[in-house]
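One structure is given below, encoded as structure tokens.
What follows is calculated from the coordinates using simple rules that are stated; it is not laboratory data. This is a predicted model, so every value here is computed, not measured. Counting neighbours? That spans all protein chains shown, and the Cβs are built from the backbone with ideal geometry, glycine included.
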Amino acid sequence: MNNKINLAVASAALVLGASAANAGIVIPAGDWTLDVNGNVNAYASTHNADDTTALNSITGGVATYKDVNGESDSQGINTGLLPSWLGFTGTTRQNDLDVSFTISFQPNVSDNSAAGDAKTPLNRQSFLTFGDKSWGTVKLGKDLGIFAADAILNDMTLLGVGAANASNNSGASTSLGGIGTGYIYPAWKGQVAYTTPNMNGFQATVGITNPNGSGVSTAFQDTFGFEGKASYDFAAGDAKGKVWVSGAAYDVTTSRTAAVAAVAASISTTSYIISTFGLPGSAGASAAAVVSVEATISNAVAEVAAVESVSYDSTVVDIGANINLGNFGLTGYYYSGEGVGTTIFGSLGATAAGLERDSDGGYVQATFVIPTGTKLGASYGVSNLDLAAGEAASSLLEENKRWTVGAYHPLTKHLNLVAEYNQIEASSHNNLKAESDSFSLGAILFF
């Protein structure tokens, strides 16, 4: 199976090795070979939130909150970080070229609509490739982004849940895994990319990518994004592993329209706080509510003053390594950027006036396979977001961090049982705190 094409199975193979290595249904079809592949996964998860909503809400925080009724516990059945997947890859050799196509669909296993049929599948891949092992491969179409791809593919929660999704319940979203608590989501991007042939373990990819809005209006996509990575696979005795670096650079242009939208969101938040807790200084308003309202209004005023058009750069680099020695595995990863924000590429990367915010983070992960074949793992990740120059302290995220412990047991070579515990903490620049934890049990089947 071609790991460069079949992302769903390649992802699993990076984490569990032989338990998913033989996945795929290969069908000869004339000049073509069709590979039908994918996975089905589902998890029953329980969540507990220690902090209230509204008053202690952290912009960009990934910890979940109590609901408006003060309920701290919730449950749901959903896919994990990797959605259920149905992919079709066709390959052939024509005119001394290896030619292929990949199209995939990602249906949900549960949702919260009354009829249980929200009709919201994902469509993450549609691309073609051509090339030859002597000179490399060209890819055109939609696939996982180049920057930070190895960060998510080496995350053990790819076969599990990690941080909960925004709704903290079942629904259209996959879970976050380690996204936002150790790495930025590479996203699914239209791209034209070139990958070199494998040169004794060294390989590089460079490409232009669709900007995907970069956190602002897509009306201002006046330049391509640029992404690239280089990696080296090695083996020495019983040790084998991979070292990689990657980066991305985008020019972002927005206008007063974006500033007005940001102000509208701020005013909406302010209105909610006032309606819930009373006006600042009133009997129903706590000191924290007053501070939150005043900070929100202050930021809104600053955003209104934004110029008609603002531009800034989003640039980021990372470095990572994965080493396996016998039954022991270790992964380390770090990224640093300006204007790229946190969690989703470009999100909260700059103020409405175009002032860039610095961000960085990373994760460390250790796994060990015990004699039963069960892989035990522990991971710690953190993502930091700084204020822009001169920006006042507010409820903007300062830090998201995550602890994960998990057990991944290959019941068969295609079926894995999964148990995970995750603790998530978020803090803001005005010292708000939020913490939540979750426990998930489920299974993931590859074919």
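Among 423-435, 321-333, sorting by the average number of other beta carbon atoms lying within 10 angstrom of each residue, highest first, gives 423-435, 321-333. Working note: Karplus 6.51/-1.76/1.60 with θ = phi - 60° gives segment 75-92 the couplings 9, x, 10, 7, 6, x, 5, 8, x, 4, 9, 10, x, 10, 10, x, 10, 7 Hz, where Gly and Pro are set to x. Put simply, the Cα atoms of segment 399-447 extend 49, 17, 12 Å along their principal axes, the longest span coming first. Peptides 178-185, 357-364 ordered by packing proxy, namely the average of other Cβ atoms within 10 Å per residue, highest first: 178-185, 357-364. Residue ranges 387-395, 141-149 sort as 141-149, 387-395 when ordered by packing (mean number of other C-beta atoms within 10 Å per residue, highest first). Scalar couplings 3J(HN,Hα) for segment 123-139, obtained by applying the Karplus form with A = 6.51, B = -1.76, C = 1.60 to θ = phi - 60°, are 9, 9, 9, 6, 8, 10, 9, 8, x, 8, 4, 7, 10, x, 9, 10, 10 Hz; x denotes Gly and Pro. Residue-wise HN-Hα couplings along segment 329-335, as the Karplus relation 6.51 cos²θ - 1.76 cosθ + 1.60 with θ = phi - 60° gives them from phi, are x, 9, 10, x, 8, 8, 9 Hz; Gly and Pro carry x. With neighbours defined as other Cβ atoms within 10 Å of a residue's Cβ, the residues 89, 367 order from fewest to most as 367, 89.
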